Amino acid sequence: MKRIASFSDFITMYVEGFKNLTWGKPLWIIIIVKLFIMFAILRVFFFPNLLNRFDTSEEKSEHVFRELTKNHITNEKKFSNESD
């Protein structure tokens, strides 16, 4: 069995494999449509840019810090109360 030496060999293997299939073109169309839906449409509705409301990078970093540590601090309080 031939070993894949580079990324271009890897891509060529897939392209040749899909060319030899009878359903090759419809599969590529389905893949492209699926990727478009995942990255273009779902991103708009489920992953909004919440940092647009802040003006400076300091405000953005402070918001991110607060959001990341908020759950950690509440969990520490909860676990410290349970052990008492």
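A short reminder: the numbers here are calculations on the coordinates, not readings from a lab. What you are looking at is a predicted structure, and each value in this text was computed from that prediction instead of being measured. Virtual Cβ from ideal backbone geometry, glycine too; neighbours counted across all protein chains shown.
At full extension, Ser61 and Phe46 could sit 3.2 nm farther apart than now, given 0.36 nm per residue minus the alpha carbon distance. The smallest convex shape that holds all Cα atoms of segment 1-61, its convex hull, gives 157 Å³ per residue. Charge tally for Pro48 (other residues, Cβ to Cβ under 15 Å; Lys, Arg +1; Asp, Glu -1): +2. A crude spin-label estimate for the pair Lys25 and Phe7, with each label 7 Å from Cα along the Cβ direction, gives 2.9 nm.
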